[in-house]
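I'd like to ask you about the structure that follows.
Since every read-out is calculated from the coordinates, none of them should be taken as a lab result. The model shown is predicted, which means the values in this text are computed figures rather than measured ones. Virtual Cβ from ideal backbone geometry, glycine too; neighbours counted across all protein chains shown.
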Amino acid sequence: MKNLQQMKKSTQKGFTLIELMIVVAIVGILASIALPAYQEYIATSSYRATEAAAGGVKSAVEVCAQTTGAVTTCNELGNTRIAALAAGAAGDTAVTSVTVTGDGVITVTPVAANGVAATDTYLISPTLNNGQVTWSQTGGCINSGFCEQF
């Protein structure tokens, strides 16, 4: 009888090796699914900063086009306000350069980091129709899927 009581006291408590291996395998599977999704989220959120850098310049081009009745002078050479806003936007840490050329075409080149390449340019072109400015997108961001369609 004494021997049975000693055996009950000497049994160890805890997880077996197979239970621990199953937990490690489950965590590994979850990590392999979550990591690519997280990396895509980081790249997309980094690219949103590139789009945001164009916001003030985009508004200035719209005001210029509505005030002058054409987009032909709404660029860095024809409008000092647009030139100043483009230079200020280029100072953003997520952006390499911001240019406004031609007929108000805004080109924003992102910093190559966090899954965003320098070729993922954000390029938007204005069209003035009856006093209303509409924008169309082109550029490398469409191919990469970073552009937010409008």
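Kindly provide the helix-only [θ] at 222 nm of the chain, computed as the sum of -39,500 (n - 2.57) over DSSP H runs of four or more divided by all residues, to the nearest 500 deg cm²/dmol?
So the helix-based figure for the chain works out to -16500 deg cm²/dmol.
As an exercise, use a Förster radius of 41 Å and the Cβ-Cβ distance of F15 and A37 to find the FRET efficiency, rounded to the nearest 0.05.
Details: r = 30 Å, r/R0 = 0.72.
With a Förster radius of 41 Å, E is 0.90.
With θ taken as phi - 60° and the coefficients 6.51, -1.76 and 1.60, list the Karplus ³J(HN,Hα) couplings across the stretch 45-55 in order, rounded to whole Hz; mark glycine and proline as x.
So the J values, rounded to whole Hz, are 5, 5, 5, 4, 5, 5, 5, 5, 4, 7, x.
To continue, here is another question. For the stretch 120-128, just list the computed ³J(HN,Hα) in residue order, Karplus coefficients 6.51, -1.76 and 1.60, θ = phi - 60°, integers in Hz, with x standing in for Gly and Pro.
7, 5, 9, 10, 10, 10, x, 9, 9
Next up: What is the Å³ per residue value for the convex hull set by the Cα atoms of the chain? Numbers along the way, then the final one.
Numbers: hull volume 22.3 nm³, N = 150.
Hull volume normalised by residue count: 149 Å³.
Which is farthest toward the positive dipole end of the chain among A83, S125, M21, measuring Cα position about the Cα centre, with Cβ charges +1 (Lys, Arg) and -1 (Asp, Glu)?
M21
Here is a further query. With charges set only on the Cβ (+1 for Lys and Arg, -1 for Asp and Glu), what does the dipole of the chain come to about its Cα centre, in debye to the nearest 20? Write down the numbers at each step before the final one.
On the way: 7 positive and 9 negative charges, 249 e Å.
I would put it at about 1200 debye.
Rounded to a whole number, what is D in µm²/s for the stretch 29-114 from Stokes-Einstein with the Kirkwood radius over alpha-carbon pairs (25 °C, 0.890 mPa s)? Please report the intermediate quantities before stating the final value.
On the way: Rh = 14.0 Å.
This corresponds to a translational diffusion coefficient of 175 µm²/s.
With each label point set 7 Å from Cα along the Cα-Cβ vector, what nm distance links R81 and T134?
Taking the simple label geometry, R81 and T134 are separated by 2.5 nm.
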